Structure formats: C-alpha cells, structure tokens
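Readers should treat all values here as calculations from the given coordinates under stated rules, not as data from a laboratory. Every value quoted in this text rests on a predicted model; they were computed, and no experiment measured them. Counting neighbours? That spans all protein chains shown, and the Cβs are built from the backbone with ideal geometry, glycine included.
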Amino acid sequence: MALELTGAEILVRALKDEGVEYIFGYPGGAVLHIYDALYKQEDVKHILVRHEQGATHAADGYARSTGRPGVVLVTSGPGATNAVTGIATAYMDSIPMVIITGQVHTSAIGSDAFQEVDSVGITRPCVKHNFLVKDVKDLATTIKKAFYIATTGRPGPVVVDVPKDVTANKAEYAYPKKVALRSYKPVVEGHQGQIKKAVELILSAKRPMIYSGGGVILGEASKALTEFTRLLGYPITNTLMGLGAYPATDKQFVGMLGMHGTYEANMAMHECDMLLNIGARFDDRVVGKVELFSPGSKKIHIDIDPSSISKSVRVDVPIVGSVGNVLGEMITLIKAARKQPDKAALAGWWKQIDQWRAKDCLRYDHKSKLIKPQAVLEKLCQLTKGDAFVTSDVGQHQMWAAQFYKFDKPRRWINSGGLGTMGFGLPAAMGVQLAHPRATVACVTGEASIMMCIQELSTCKQYGLPLKIINLNNRYMGMVRQWQEFFYKGRYSHSYMDALPDFVKLAESFGHVGMKIEKPGDVEPALKEALKLKDRLVFMDFITDETENVYPMIQAGKGHHEMHLSPERELA
Amino acid sequence: MKNMSHIISILMENESGALSRVAGLFSARGYNIESLTVAPTEDPSLSRMTLVTSGTDNIIEQITKQLNKLVDVVKLLDLTEGPHIEREMMLIKVKATGEAREEIKRLADIFRGHIIDVTGSSYVIELTGPGEKIDGFIQALDGKAIMEVVRSGVSGIARGAKSLKV
C-alpha cells in the first residue's frame, strides 16, 4: 500500500512532481499546514512577498518570461481578495498560472467564519477555471487538472481553493501523469480548407499587412512568424502584447500599432487590402472605431480561442488553432505554391509605407534642458543592446517603453496590457529576475505606479534581486494628466502626485542603491553606473519633463487614419 | 439586425457551481436570460440545461462560443437552428367560486390542463405546452381570478433521431 500523506504534503509533492521551481506566497491561518509541509522540503522554493498582489504579479512575470506556469499560494479571506487584481491581470493577458488559496474548514464554509470569503465565487469572472477541493482524495487530481487547464489552449489562471481540514486529512498519494476532461478539448490544428483559402488570399494581396499579437508569444511561434513574414516580404506590426514576437530592428517591422502605435503601422492597417491577424484579438485600443477599421481589406484571423473570432471585427477567413501549427502549414503551402506575391505591387506598397515612415512619428525634442522620458528609454535600449528583460507599470512610461525599446526577442517585454494594472512592474520584475538570475531586468515605471506595490522592495532585498528600476518621475499620473490636458481643458483633477517620497532615501531604507537624475547629460552615466552594479537593486529616479505627452495618438473612438502627431508637426 | 429568441440546450458537468458559471457569464457580458431550467440527466454526472435568450446573430454566436469556453460545458446546441420541440409547465392557482368554478374547469379542459388541487374557493391547474399556449391560457382567464403563477421555464429537445449526448 502506498504511503498516506496529509493534504498539505500531497499539495507540495504535487507541485514538485509538476516541476514547479518557485511559488510566490504569503502565509496565514488557513494555509499553515501547507507552510509546514513546505518547511520540511527543499525542492519547491517559496518566495515570501510583502502583499498578495505582489505574489500574483511575480508569478505572472515568471510565467511571461519563461512560458512555464506561475504558482501562487495565499491564505483565505484577505489573502485571496488581495490576489484578485493579479489574477485578473493574468486572465486578461492569457497567462498560465495556478493560484492556491486557503479556505476555512469545510464544516465552517458558509458560516461567515474568520477570514472566510467565497474565493471560487469572487474569482469566477477572472479565471479560466476554478476548483474547491472538498475531499483530500481529489486533491492531487485537481492540482493536475489545474495545471493542465492553465497551460493548454488559450492559457489562463486557475484557482484551487483548499479548506484547512483538507490539508490535514490523509490520503494515498498518486500524481496522475495525464488528465483528460470530456468537457475541455482545445482545438490546436487549423482547418485545412480554411488555411488553403487564407494562403490564396495572402498570395493575391497587393497591399498586405500582418498584425500579430500576444498569441504568438504564448504559442512559442516567434520563429515560425519570422520565417513566414520574411518568406513573403510583407510589412508586419505587433500589438503591445506581441512586441518581440518579430524582431523590432528588422526592416519589415513597422512598429507597434493602435492608440499610441506608429504612423506607418496605423496607416498601413487603414490602407491595406489584406489583413492577416495572427494571435491578436482586435482589442479596442488597437482597432479604435470598428466601423472605420481597415475598411478596404479582406481579413484573416488565426486564434486558438473561437470566442475571439468575430467578437468585435467580422473576418472573411477565420482559422481556429494554435498559431504555431497554422503558420507551419501556411509556410509549407506558400513554398509549394506556384503563385507568388505580386512583386511590383509589393514594391509600390513599401514605397508608400516608407513615405509614412519618413514622418518619423516618434521624434521628440533632443535639445530640451529637461530630461525627456523617451531619451532615457532610448539610452536604456542602447546600453543593454536591446536584450534586457523590461517590465513596466501602466501609463505614459509603458507606452514610451513599448515605442523606444526595440525588442528583438519574445518574452523580453513584460507588461499588463489587457487589465492595465498599475503596480504590476516591480513584482513582475522579481519573478523575471528569479527565473533569469544573470539577466538584466529593468522595471520601467512612474512615480505613481511604483507606489502601488512599493513594499516589494523589501522582498527584493530578502532574495537579493538586482533589479534596475527606471522611475520616470514627472510628478503626475502622466497618462491621466495627458487626457485631462486634451479632453478636460487642462483641469488636472487629482492627477498630481503631491507629497512624494524622497525615492533615493526610500530605496536606501530598504537596503538598496538610490539615484536621483535631474539633467539630460547625467542620464547615460547614471544608467551605465547602475548597470555595472550587477548585484544590487538600483532605484533610478529620473526627474523628467512633466509636460511631455505620448505621441502619436489616436483618440478613443476614432479611425487609424485620424492620428495626431506631436504638436510641432501637428496638422489637424 | 433583429433580436431573435433562441433556445440553447447545454450538456454540462453536474458540479456545484456550474450553474453560477453560466449565470455569471450572462450577467458579466450583458446578455439576457429569459428563462433557464436545469436538472441532472439519466447519467447523474451530467446536467441538462435549457436556456432561452435573445439577441442579434452576432450576439448569439458570441453567447454560444462563450458558453462552449466554460470548462464545465460538455456540449451545446442552439435548438432554434433546426426543428425542435419546446415545452413549458405551469402551475396556476385561481379563485374558483360560484359560476366561475364551472367556467374555469371548461377553460382548463379546452387547454388540456388538469385541475390537481381543489378547495371550496380555489383550483390549482397544471398546464403543459409551448410558451404561447401558456400565455394564451393566462390571457383567457379573468386576471382578477389569478392568485399565483408558477412557470417552469422552457425545456426543449431537437426533433429526429440525433441526440445531444457525450
């Protein structure tokens, strides 16, 4: 007879058998048995965060930078509710995560017990799936199912709620090698007929455009995408979530698209006659006004999630399947096809795109006496040779990082795209650094965002995580200020961050290195010095021009051809 | 595009919380539920749900896709897409005194209802049929006589030999 283990031991063994390297968590009453089981082993390493939101973002950063699922352990009640923001963040960006939440004793469920909350109910709308384990005999299988669901199909977070008595009760331990669910069978192979139809359209295009998203990164299909795009010689744009899936320094790359995308990317989206969407979801920040979106194009959409197809934009050829498989098949078909892209038409199209490119839409004032945030990021990219892991928070700094850091590899750009979670950057960077101990990990943030999870500086100290924090400090919630300037006649309602801390002293008090940079000429030396401090976290507080805005910009609800460039060259 | 009523038949895992996943999906995405019935099938591990909703073709397409995406949903079918049968059951309590007693009994007979509870002043009538028939019976009754209406919501099944099974 196999050895009987407690639920807590089963849980930890299951994580080990699942190959889990790190779990991010915070102890509490309902999970004390689990923490005791963790204490007695060394295979699964636990990272103690300072707030459960930090645990979920750290696990998320770990997952985004490795492709492996992030794992979180929190207690019942407030532990679970604090984790919700991070769970929703992962859900919106389809990040594989397994979150184990403690729960009160099964006999106390529903009695408004101390630290009781309906975790399954609270997380239901922001998880791919969730479970409440009522019997210790089901625990190992449920953990297996959770990992299986989280990592297959369109990935996402899965919550497993485990009552305290379940972690104390005993059962035989056997970890299933595989699970099959009759109700869950994601489609990964694209429909042959649809793929053929799509290839026909792709090869007939005169003004083709490839628009790829986070699905390419999640589906490990960057190589296939690069081969496919180079084979055709077509222009390609990436969404915010898809940056790095195609090398940004390649000449076929026309930059990011959407609200703060490049002029050339958005104009090409508007004017193309064939639009191929690969693993993106026609998000509202990309599409703008649906009625005005890419009006003259035949549209093809490859997505692993059928519900993403025709949700907002109707397409001519939908293909459900994993982007890697579908691109692989398309490459084979294109290589075998007699028909080839129309070279003359393509040359004309590129000429048009190069004219749009010549507007140099990301240009900014290089002679300013104030530090321009764009200059900091351009320099960061240059000094790290475009090969650092860059996490960001949410707002202007996020858009500038996306515009000015040229990502040539997937999984280097880590940001909260869908939910737009301020506070994401620092804890996410912790997860990235743990997964890549020798890599340079930069957290690009602003003085408003960083305050939302600032407590994690303490976690960084405990585990010696040498992050490079680039705080673009403009004394405003910059994106809010920008919208108030544009759309509320400059009534800056509650967007000024008054009573800011002295970030240098703050970093030092946590045991880190702090720097304050106030002059454009000091930017490069400061970055160089910080990057040299390989084993220290450096908090760089860049005092930037508070009036700087993110351009180009398409206002919400407008079409791609209605872009605004920066005021110096502003037309409309 | 016109809003059309659709009857969606869903085979799902008989797990606690499965119903709330469906109900939650509808409220979170702003879809209508006109009626919903659910009960276990001959296989106790599966439940069969019949859901009546309405929307444009695009909305119905999203509803079926989103429902299919729920991990607990095994299979589903939009019954409205083919020939099907729908039935609803109603229990209605009416005042039955004096001359009205005979009149209500006759009306129930016309609609093939059954009187299943009788007191000196009331009847409970059981009536089964498509929604319009039930609406019709309610219309035919004197509104003041109606004491209580309990409708089961629509249950439906496709015509022909094909079936929605695992």
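Some notes on this structure:
- When peptides A:52-65, A:540-553 are sorted by average Cβ neighbour count within 10 Å, with the highest value leading, the order is A:52-65, A:540-553.
- When each of A:147, B:26 is scored by the number of other beta-carbon atoms lying within 10 Å, the sequence from fewest to most is B:26, A:147.
- One decimal place: the segment residue A:533-residue A:332 gains 67.6 nm when fully extended, by the rule 0.36 nm per residue minus the C-alpha distance.
- Order of A:4, A:291, A:9 - criterion: other Cβ atoms within 10 Å of each residue's Cβ, fewest first: A:291, A:4, A:9
- Couplings 3J(HN,Hα) of region B:5-15, computed from phi: 7, 10, 10, 10, 9, 10, 9, 9, 4, 7, 10 Hz, in residue order, whole Hz [Karplus 6.51 cos²θ - 1.76 cosθ + 1.60, θ = phi - 60°; x for Gly and Pro].
- Magnitude of the charge dipole for chain A, about its Cα centre and with charges confined to Cβ atoms of Lys, Arg (+1) and Asp, Glu (-1), is about 1580 debye.
- Packing-based order for A:159-165, A:283-289, using average beta carbon neighbours within 10 Å, highest first: A:159-165, A:283-289
- Checking every one of the trypsin sites (Lys or Arg not before Pro) in region B:74-166 against DSSP loop status and a limit of 13 other Cβ atoms within 10 Å picks out B:112, B:159, B:162, B:165.
- Cα shape, chain A, gyration tensor, a/c 1.5 rule: oblate
- Counted by Cβ distance under 9 Å from residue A:512, the other residues give a net charge of +1, where Lys and Arg count +1 and Asp and Glu count -1.
- Long-range HN-HN contacts of residue A:447 with modeled amide H, under 5 Å: A:472, A:474, A:475
- Only helices enter this figure: runs of n ≥ 4 DSSP H residues, each worth -39500 (n - 2.57), summed and divided by the residues of the protein assembly as shown, yield -10000 deg cm²/dmol at 222 nm to the nearest 500.
- Three-way shape label, region A:1-116, alpha-carbon gyration tensor, a/c 1.5: oblate
- Phi to ³J(HN,Hα) by Karplus 6.51 cos²θ - 1.76 cosθ + 1.60 over region A:180-187, Hz, x for Gly, Pro: 10, 10, 5, 9, 9, 9, x, 7
- Computed on the Cα trace of region A:414-537, the radius of gyration divided by the Kirkwood hydrodynamic radius gives Rg/Rh = 0.99.
- Counting 0.36 nm for each residue step from residue A:382 to residue A:172 and taking away their Cα separation leaves a gain of 70.0 nm.
- Per-residue mean of C-beta atoms belonging to partner chains within 10 Å, peptide A:312-324: 0
- Cross-link pairs beyond the 20 Å C-alpha cut-off, checked among B:65/B:133; A:16/A:40; A:197/A:351; B:65/B:162; A:145/B:165; A:409/B:69: B:65/B:133; A:197/A:351; B:65/B:162; A:145/B:165; A:409/B:69
- Length-normalised contact order for region A:385-463 - Cα pairs under 8 Å, 6+ apart - percent: 40
- Residue B:139-residue B:2 FRET efficiency (beta carbon distance; Förster radius 30 Å; 0.05 resolution): 0.75
- Summary of the geometry: region A:127-169 and region A:443-471, compared by the centres of their Cα atoms, lie 31 Å apart.
- Local electrostatic count, residue A:198, Cβ distance below 14 Å [Lys/Arg +1, Asp/Glu -1]: +1
- Estimated FRET transfer efficiency when R0 is 35 angstrom, pair residue B:32-residue B:118 (beta carbons, to 0.05): 0.40
- Highest-first packing order for the peptide set A:130-137, A:530-537 is A:130-137, A:530-537, based on the mean count of other beta carbon atoms within 10 Å.
- Cβ-based exposure ranking for A:184, B:31, A:492, in which fewest neighbours within 10 Å come first: A:492, B:31, A:184
- Only Cα pairs under 8 Å and 6+ residues apart enter the sum, and on that basis the relative contact order of chain B stands at 28 percent.
- Across chain A, the mean sequence separation of Cα contacts (distance under 8 Å, 6 or more residues apart), normalised by length, yields a relative contact order of 14 percent.
- Region A:56-105 and region B:80-130: distance between their alpha carbon centers, rounded to Å: 54
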